[in-house]
Amino acid sequence: MRILLILLMFTGCWKQVCSQADSLKKFKQRKLLLGIGAVTTATVGSITLYQAWYKDYNTGSFHGFNDNTEWLQMDKAGHTLTTFQIGNAGYHACKWSGMAENKSILIGGTSGFAYLTIIEVMDGFSEGWGFSWGDMGCNTLGAGLFTSQQYFWKEQRIKLKFSFHQSNYWQYRPNLLGENLGQQWLKDYNGQSYWLSVNPSSFMKKETKFPKWLNVAIGYGANGMISGHDDFVIIKSDGQVIGNNRYRRCLLSLDVDLSRIKTKSKVLKAIFKTVNFIKVPFPALELSKGKVSGHLFYY
């Protein structure tokens, strides 16, 4: 019996050691994949952005550029959302690779800030753009919103999300606002909306019956823009003036936090995590030009 117990104990310890060794090997492989994936993503992303933004402009010496008043600050909202979402993806990638919580927050959560800083430096050498401290401030805001929530709350109660619909303005300057739908969602600020999607249940007691997946979303958008500045207009042959009717849009709607929907399917979980940066279409109220209007289905 003693021999049997010793054998069982030895077998159990050996299994644990082997399991730990397998885990270490697995996480080592995952860290390697994470490194390769990060470099590949940054490279492909930089090339894609170069083709979309920089290829039509010459490069020169590094210089600054104050664009804080352009595009009714829609570009600034984009910077904030991008650093937040890349930080979110980076954090989960670091956790998947076996990194500790705080290390994942530090490295993964600030990965968006690091990537956008590279883009900002590229702007600094482009004659069509320039290094913007306003952009850097918004990059910091997006990364800070993610890392602070993850550190103090261990979850994201307030998420930044994005929605897009095709506007009528791209046709007047397709080289600037996008020649096709794939370019327009990136370039045409008239069709973009940026959202603060807040999860009320996460601020309530655990026994609350409020749906844990249901969010309240506050959105910001703008319309009537064919350039970054107010004084740029296009006068058509029939006398119609395009671009002199710029205005902001404040939005209130509902949203779904797909990451809080319970499912046993790993495929669905992966899909939910991937598309959770998109604000789910819902009815919405809009405040613009001093008036309140409603949308039956806003996206």
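Rule-based calculations on the coordinates, nothing more; no lab input. Keep in mind that what you see is a predicted model, and the values were worked out from it rather than measured. When we count neighbours, we look across all protein chains shown, and the Cβ atoms used for this are built from the backbone with ideal geometry, even at glycine.
Numerical summary
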item	result
Aspartates and glutamates with Cα under 16 Å of Lys76, excluding same-chain neighbours fewer than 8 positions away	Asp67, Glu120, Asp123, Asp135, Asp188
Ranking of Thr80, Thr40 by count of other Cβ atoms within 10 Å, fewest first	Thr40, Thr80
In region 238-280, the trypsin sites (Lys or Arg not before Pro) that fall in loop regions by DSSP, at most 14 other Cβ within 10 Å	Lys262, Lys264
Extension gain from Lys205 to Val121, taking 0.36 nm per residue of separation minus the Cα-Cα distance	25.7 nm
Length-normalised contact order for region 157-299 - Cα pairs under 8 Å, 6+ apart - percent	21
Potential lengthening between Phe27 and Val233 on full extension [0.36 nm per residue; Cα-Cα distance subtracted]	68.5 nm
Choice from Leu81, Leu214, Leu32 with maximal GNM fluctuation in the chain (Cα, 10 Å cutoff)	Leu32
Relative contact order (percent, whole number), the chain, Cα cutoff 8 Å, 6+ residue spacing	13
Against the rule of thumb 2.2 N^0.38 Å, how large the Cα Rg of region 56-174 comes out	1.21
Residue of Tyr151, Tyr194, Tyr57 that the Gaussian network model of the chain assigns the largest fluctuation, springs spanning Cα pairs under 10 Å	Tyr57
Beta bridge orientation in the chain: antiparallel %, DSSP, nearest 5	95
3J(HN,Hα) from dihedral phi, region 146-154, Karplus parametrisation 6.51/-1.76/1.60, rounded to Hz, x for glycine, proline	5, 5, 5, 5, 5, 6, 8, 9, 6
Whole-Å distance, taken between Cα centres, linking region 31-75 and region 215-273	21
Cleavage-rule hits (GluC sites (Glu not before Pro)) in region 75-147: DSSP loop, at most 12 neighbouring Cβ within 10 angstrom	Glu127
Other-chain or far-sequence residues with amide H under 5 Å of His229's (modelled H)	Trp71
Amide H within-cut-off set for Tyr298, under 5 Å, with H built and near neighbours excluded	Phe282, Ala284
Spacing of the two label points (7 Å from each Cα toward its C-beta) at His295 and Val198, in nm	2.0
All-pairs alpha carbon distance profile, the chain, 10 Å steps from 0, percent	6, 21, 30, 22, 11, 5, 3, 2, 1, 0, 0
Extension gain (nm, one decimal) between Gln171 and Leu186, 0.36 nm per residue minus Cα-Cα	3.9 nm
